[in-house]
């Protein structure tokens with residue numbers, strides 16, 4: 001019986017994936033395709049953040065730095081070299097290596113600290129990256145940013161849609177395997193009670209480092225795709241808003257469930273898209289970020305496990321009711 | 001020599017402004033282990049409401065009083081509706097206060113628009129003093145005097161009054177104080193309001209100092225205040241004062257000699273302190289590890 005319950009989300013996932021694969025054939029709106037692409041990119045970013053927040057219980061307020069590192073690595077490669085696929089791979093790999101290094105060093109220095117200190121330190125380091133990108137104008141053109149051309153495969157909206165969709169699916173599967181591996185189980189233990197995990201003989205710092213490097217690498221991938229999707233980059237990729245996006249998506253979707261992060265990315269990007277369209281008729285919606293802020297606070301206070309938690313509660317209640325009914329019938 | 005003295009005055013006055021922000025943070029943390037990420041939001045609300053009241057009424061004292069009042073009201077709302085429901089849960093505290101910060105700094109843009117606002121100096125504080133060719137801007141001296149007076153007042157409050165005694169005891173051992181029949185939650189609300197008022201005051205004083213205010217400045221100064229609080233030691237008022245001066249003066253000198261490295265210097269200071277003495281310069285409680 002339990003096995004069947006376990007399989008239900010899998011069928012759902014496959015159904016959604018199939019729908020998304022067929023979607024471009026039934027849809028002819030360019031903006032919807034772009035919006036979905038944007039959702040996929042941020043879904044990867046939100047999932048990477050969920051590895052830290054949901055699965056390991058680490059609060060990082062500087063996650064934008066990995067997003068930015070990935071974005072800038074790709075953008076700079078395309079700016080300096082030709083727009084070919086191998087160059088994209090080079091940029092991607094450079095971004096991933098840099099992110100892995102940075103997350104490793106930061107983690108080594110600060111993951112042993114208490115949560116407040118880690119949150120503050122990551123925030124400060126990410127701001128340092130922002131300042132670096134703004135001051136190193138020779139390379140980054142500062143806040144003005146620069147445009148660059150990308151390979152033709154990425155220029156075509158439909159093929160880029162498929163590339164991001166497949167990336168989401170692959171990252172989701174890899175991260176799911178990671179969280180269900182023995183390492184993932186230790187991470188879950190750390191999030192529930194770090195001292196107990198340590199008392200059981202696990203070197204928690206070691207495991208937290210693995211989590212933070214994994215999250216950094218995945219975030220770097222999403223940053224690279226983001227830069228390619230815009231064909232433009234400026235220092236905004238290092239801004240605190242990017243970290244807040246990840247936070248909102250993970251919290252609203254439900255932390256500790258990778259699917260929740262994807263759902264959260266969808267909700268936030270949809271809201272952002274339609275609220276900024278509404279802003280054209282009702283100027284009050286120009287400040288839609290504040291609406292997201294209130295939503296975030298309400299979710300945190302009222303539904304700490306997010307959308308995924310609400311759904312789980314609902315299905316559990318239903319399951320229990322059915323079970324009761326069955327038992328009554330049996331009696 | 002002239003440059004040296006000028007930089008010193010700049011550094012000390014900036015440091016004291018940061019101290020106003022850091023004092024609230026460090027006391028709030030020391031008493032309840034709540035790290036308030038929304039503190040910068042109170043600061044920027046103080047700056048904007050102070051600047052606005054000053055523009056409308058042309059009275060600087062009224063502007064400062066109004067800013068402090070606004071800061072305290074917002075602080076009360078923050079404490080009552082955001083922080084109180086998540087007492088004791090560090091992760092949720094961190095997350096929710098960051099949400100508070102987001103709402104506070106975005107709502108600034110609703111009231112005053114997204115663009116930076118120019119702020120003028122009050123007439124009686126314009127101009128500068130001259131001693132043998134050394135020019136010192138009047139307003140900076142004013143900030144230094146106010147900052148020192150506030151530090152003195154805070155120190156007197158903490159060391160000479162009944163409530164100060166309770167706060168210090170609460171910082172040392174919250175459970176013990178509670179067991180002795182003192183309402184620690186009420187005490188915490190008081191400290192939170194005090195900290196909120198100080199943050200707003202810091203913002204109101206900073207507005208004419210920098211000449212321009214913008215919504216993102218809350219986060220910038222909050223980061224400086226965090227750095228100061230860590231360097232000084234969580235929960236230690238003296239530590240925060242000392243670290244504020246260090247960060248302010250070092251920042252002023254770096255901004256003059258190596259402008260690109262000024263933020264990096266603070267990060268370096270932070271990293272060294274965290275690695276060598278994670279409790280901070282004068283901190284006893286709230287070790288970082």
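Structure notes:
- Matching residues, segment A:78-105, being within 17 Å of residue A:208 (Cα to Cα), without any contact (Cβ under 8 Å) to a residue 40 or more places away in the chain and either buried (at least 18 other Cβ atoms within 10 Å of the Cβ) or within 14 Å of chain B (Cβ to nearest Cβ) (or both): A:105
- Within segment B:107-121, if we keep just the residues that are assigned to a helix (DSSP H, G or I) and without any contact (Cβ under 8 Å) to a residue 60 or more places away in the chain, the residue that is farthest from residue A:301 (Cα to Cα) turns out to be B:110.
- Test for residue A:259: is it surrounded by fewer than 22 Cβ atoms within 10 Å (Cβ to Cβ), away from every other protein chain (no Cβ under 14 Å) and at pLDDT 85 or above: yes
- Hits in segment B:63-98 - residues which are within 11 Å of chain A (Cβ to nearest Cβ) and under 14 Å from residue B:218 (Cβ atoms): B:78, B:97, B:98
- Only listed residue being within 14 Å of chain A (Cβ to nearest Cβ), assigned to a helix (DSSP H, G or I) and under 24 Å from residue B:23 (Cβ atoms), chosen from B:104, B:156: B:104
- In the condition set (1) more than 12 Å from chain B (Cβ to nearest Cβ); (2) modelled with pLDDT of 75 or more, residue A:328 is compliant with all but (2).
- Residue B:29 being within 14 Å of chain A (Cβ to nearest Cβ), without any contact (Cβ under 8 Å) to a residue 40 or more places away in the chain and in a helix (DSSP H, G or I): no
- Residue match in segment A:36-50 (condition: touching a strand residue (DSSP E or B) at 6+ places or on another chain (Cβ under 7 Å), assigned to a helix (DSSP H, G or I) and at pLDDT 90 or above): no
- The set of residues in segment B:229-272 that are surrounded by 20 or more Cβ atoms within 10 Å (Cβ to Cβ), within 11 Å of another protein chain (Cβ to nearest Cβ) and in contact (Cβ under 8 Å) with a residue 40 or more places away in the chain comprises B:229, B:230, B:234, B:266, B:270.
- Scanning segment A:121-142 for residues that are in contact with a helix residue (DSSP H, G or I) (Cβ under 6 Å, 6 or more places away or on another chain) and within 15 Å of residue A:76 (Cα to Cα) gives A:133, A:134, A:140, A:142.
- Those residues of segment B:80-93 which are over 25 Å from residue A:113 (Cβ atoms) and buried (at least 21 other Cβ atoms within 10 Å of the Cβ), in sequence order: none
- Verdict on residue A:207 being in a helix (DSSP H, G or I), within 13 Å of the chain's Cα centre (by Cα) and buried (at least 19 other Cβ atoms within 10 Å of the Cβ): no
- Reported count of residues in segment B:248-268, each being over 19 Å from residue A:130 (Cβ atoms) and within 19 Å of the chain's Cα centre (by Cα), is 4.
- All conditions but one from (1) away from chain A (no Cβ under 14 Å); (2) within 16 Å of the chain's Cα centre (by Cα) apply to residue B:118; the one that does not is (2).
The values are calculated or read from the model by the stated rules, or taken from the named source; none is laboratory data. What you are looking at is a predicted structure, and each value in this text was computed from that prediction instead of being measured. Here Cβ is always computed from backbone atoms with ideal geometry, including for glycine, and neighbour counts include all displayed protein chains.
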